Amino acid sequence: MDLEAVLETCREMFQDPTFAAVRRWKAAHPGRKAIGCFPVYVPEEIIHAAGMLPVSLFGGGNMIEIDHADSRIQSFICSISRSTLELGLTGRLDVFDGLVFPSICDVARNLSGVWQRNFPHQLSFYIHFAQNIYSVNAVPYLRSEYDRLRQALEELGGMPITEEALRHSIAVYNENRALLRQLYDLKRRSPEKVSMAETYTLVRAGGLMPKEEHNALLRQVLPALEARQARPMDRIRVVLDGAFCEQPPIEVIMGIEQAGCYILDDDFSVGPRWLEAPVALDGEAADALTALARAFIRHSLPSPVRYDGPRVRTQRFLEKCQALQVDGVLFVWAKFCDPPSLITSCLRTHLTGRTSPTWRLSLRRR
C-alpha cells in the first residue's frame, strides 16, 4: 500500500470544513442520516446502531473566519464553539440531520440550546452524563440518558434500534478502540516509526467515515507502519496534555516534533479512545445500553471533564509519565477553556520535583 497517499487522503478529509466525505456518504446511502458529535465523548454506538453516520465535530479551526457567530454567542469563549456555530450559520453543517452535545462544560451545554433555537430543523440533543460515578444510581441513570438518545434517534430515523443492532455496533467499536490502542502502543514503543502528526491524522480521519471502513484502514496501515525502517533519534521525550476538546492546528504538532521532540502520548481527539477496556456484553450488563453505561462509569480515561476523585487523574498522569520515561510535559489547551486550565495547575504542582520540566501553551484559533 502507498502509506503516504493514505495519510494525505486522511489529512484532506479532516481539514475540509465542507465535510465532503460526509456528503459523499449520504449521496451513496440515500435516506440515511448523519449526526454530528461534539467533543469530548458521545456513545456513537447508539447512532451507528440506528444506521446513521456519527461524525466528530471539532469546529472550523484555522480554516474559517468568524463573521456571523459573534452575533449569537460570546466572543470570550472557546474557539471550537464559536467556529462550530459559524459552520452552521454558513451552511457547512447542513449535511447533518442532528447534533449531539455531551455535558462537558457550560459552553457545550449552552451551545446545544443556541443550536436548537437557530437550527430547529436539526435534532439538537444534550446528554447529561452522571456526575457522581461512585453512586449506586450512576449506571441506571446514565442508561436512562442513553435510552433517551435511542428514542430520539428512532424518531428521527423512523425505525427501531434493536438490541441486536446495538450489540453489533458495540463489537465494531470495540475493534476500533483495540486497533487505536495498537497504534498508540507502536507510537510509544517505536516513536521513530510513526510521528504524532501521522497518528493524529489517522485518528481524526476515523471520525469522518464509518467505523467499519476505519477498522479496515487501520488493519492495513498498522503493519506498514510497523515495517518501517527508521533509526531512533536522540530526541526529547514528551507528553502533551490539555487538548482533549479543541484541537491544535496540525502544524503545531509538526512544529513540536520538528523542534526535536518525540511526542509519546497525548489526549488529542480522545473520544474514540475514551473507553480503556472493551464494552462487555455479558456478566452484569443485562442489555447493550447498560453495558455502554457501565463502561463509561468504570472504564473512562481520566479527564478534566469527568470527576474521578481528588487524586485519581493526578496519580494516573504521574504513573504514565514515569512509565514512558519522559523528559518533560507540554500542556496545550485552548484559551477560555476552563477544565484544562484548572487541572493543569494541579498537575504541574505534583510534577514539580518528581519528573522533568513542564511547559504551557495556550492557543486561540479564531
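The values are calculated or read from the model by the stated rules, or taken from the named source; none is laboratory data. Fair warning: this is a prediction, and the values are worked out from it, not measured in the lab. Cβ: placed from backbone, ideal geometry, glycine included. Neighbour counts: every protein chain shown.
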Within the stretch 158-184, can you find the residues that are among the β-branched types (Val, Ile, Thr) and either assigned to a helix (DSSP H, G or I) or surrounded by fewer than 19 Cβ atoms within 10 Å (Cβ to Cβ) (or both)? Thr162, Ile170, Val172
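Tell me which helices (runs of 4 or more DSSP H) are completely within the stretch 271-366 and hold 1 or more residues being farther than 18 Å from Cys78 by Cα, of a type in the set (S, T, N, Q) and in contact with a Pro (Cβ under 7 Å, 6 or more places away or on another chain), or say none if there are none. So that I can check it myself, show each step before the final result.
Numbers: elements: 288-299, 312-324, 338-351.
So the answer is none; nothing clears 1.
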Working carefully through the options Leu240, Leu153, Leu149, Leu202, find the one that is touching a residue at least 24 places away in the same chain (Cβ under 8 Å) and either outside any helix (DSSP H, G or I) or surrounded by fewer than 20 Cβ atoms within 10 Å (Cβ to Cβ) (or both). Leu240
Helices (runs of 4 or more DSSP H) contained in the stretch 1-95 and holding at least 1 residues among the polar types (S, T, N, Q): 3-14, 79-89
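Would you say Gly51 is modelled with pLDDT of 95 or more, surrounded by fewer than 22 Cβ atoms within 10 Å (Cβ to Cβ) and either closer than 30 Å to Ala288 by Cβ or in contact with an Asp or Glu (Cβ under 6 Å, 6 or more places away or on another chain) (or both)?
In short, yes.
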Only one of these is buried (at least 18 other Cβ atoms within 10 Å of the Cβ), in contact with an Asp or Glu (Cβ under 7 Å, 6 or more places away or on another chain), aliphatic (A, V, I, L, M) and farther than 28 Å from Leu275 by Cα: Ala69, Ala34. Name it. Ala69
Only residues in the stretch 333-353 that are small (Gly, Ala, Ser) count as the first member; pair them with residues that are part of a helix (DSSP H, G or I), Cβ under 7 angstrom, at least 6 apart or cross-chain, and list the lot. Ala334/Ser79; Ala334/Ile80
Per the filter on the stretch 208-233, residues under 18 Å from Lys187 (Cβ atoms) and not in a helix (DSSP H, G or I) are Ala227, Arg228, Gln229, Ala230, Arg231, Pro232, Met233
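Would you check if Val42 is crowded, with 22+ Cβ neighbours inside 10 Å and either among the charged types (D, E, K, R) or under 26 Å from Asn176 (Cα atoms) (or both)?
yes
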